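Structure first, then comments.
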Amino acid sequence: MHPEVEVIFFIFLIIAALISLNVKNLLVAVVTLTVFSFVSALLYVAMGAVDVGFTEAVVGAGVTGVFFVVLIFKTGRKSAEKKPRFQTGNYVVLVIFCGLLIFGSLSLPNRGDLQSNLNRETSPAGTSNAGVHYIKHAYKDAHTPNMVTVTLADYRGYDTLWETAVIFTAALVCFLLLRRTRLQPMMDPADKKEESAAGAA
């Protein structure tokens with residue numbers, strides 16, 4: 001993909017983030033966050049991470065958006081009016097954090113650079129790189145024709161297991177939050193004393 005298109009995607013991400021942070025209507029904020037996740041998925045696909053983009057589209061733009069919409073209809077569409085506290089300090093911290101991210105990314109190799117250490121067949125230490133090992137030994141080690149499946153289920157099996165556990169836990173928490181429960185009205189302490197006295201009599 002052309003770099004100009006990626007720049008446009010990044011501009012959309014910034015605009016969506018600013019709208020979702022400043023809008024008062026929670027439903028509009030959820031829709032904007034869903035757009036944010038969808039554009040992020042497009043960026044992942046453009047960078048060659050199709051599996052990550054698919055996960056972001058399903059979880060970020062799909063399931064999470066549905067949960068947020070259901071919660072809004074169970075609570076309310078308007079956010080509470082609160083005076084902003086430490087707003088200037090928050091923006092300063094945000095700018096510093098973004099500056100650190102940009103500074104750290106400057107030392108990364110260009111995407112697709114065949115001369116970078118990540119894309120070479122051997123590492124600077126003389127050992128085989130992980131990507132090269134996966135390409136050469138994926139089918140022999142797991143007898144599975146799909147290399148992505150071998151990487152996620154075999155080479156990164158424990159990591160994928162815990163990721164699945166995190167998603168399951170999140171889904172369970174969302175289910176507990178969304179289910180309808182009948183709350184018993186709380187009794188006044190004086191009424192409890194009168195009820196206990198009447199029972200003793």
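Quick note: the coordinates plus some simple rules give every number you see, no bench work behind them. It should be emphasised that the depicted structure is a prediction, and the values quoted were computed from it without experimental measurement. Positions of Cβ are generated from backbone atoms using ideal geometry, with glycine treated the same way; all protein chains shown enter the neighbour counts.
How many nm separate the modelled label positions at R120 and E4, each set 7 Å beyond the Cα in the direction of the Cβ?
Once both label points are built, they end up 3.6 nm from each other.
For region 1-81, calculate the relative contact order in percent as a whole number, restricting contacts to Cα pairs under 8 Å that are 6 or more residues apart. All intermediate terms of the calculation are to be shown ahead of the outcome.
Working: 74 pairs, mean separation 25.4, N = 81.
The normalised contact order for region 1-81 reaches 31 percent.
Can you compute 3J(HN,Hα) from phi for each residue in region 93-102, using the Karplus curve 6.51 cos²θ - 1.76 cosθ + 1.60 with θ = phi - 60°, rounded to whole Hz and x for Gly and Pro?
Listing the rounded values in order: 4, 5, 5, 4, 5, 5, x, 5, 5, 5 Hz.
Could you give the length gained on full extension between D113 and L172, defined as 0.36 nm per residue of separation minus the Cα-Cα distance, in nm?
Numbers: separation 59, 0.36 × 59 = 21.24 nm, distance 4.25 nm.
Length difference between fully extended and current span is 17.0 nm.
Calculate, in nm to one decimal, what T55 and V148 gain on full extension: separation in residues at 0.36 nm each, minus their alpha carbon distance. List each step's numbers first, then the result.
Working: separation 93, 0.36 × 93 = 33.48 nm, distance 1.37 nm.
Difference between extended and current length: 32.1 nm.
Treat each spin label as a single point 7 Å out from the Cα along the C-beta direction, and report the R179 to D159 distance in nm.
Going from the R179 label point to the D159 one covers 3.5 nm.
At a 10 angstrom cut-off on C-beta neighbours, averaged per residue, how do the peptides 46-52, 56-62 rank from highest to lowest? Display every interim value, and only then the final one.
Numbers: 46-52: 13.7, 56-62: 16.7.
Highest to lowest by the protection proxy: 56-62, 46-52.
With Rg and the Kirkwood Rh both taken from Cα atoms, where does Rg over Rh land for region 129-182? Show your work: numbers first, answer last.
Values: Rg = 17.3 Å, Rh = 13.3 Å.
That ratio equals 1.31.
Counting C-alpha atoms alone, how compact is region 1-81: give Rg to one decimal and Dmax as a whole number, in angstrom.
13.9, 43
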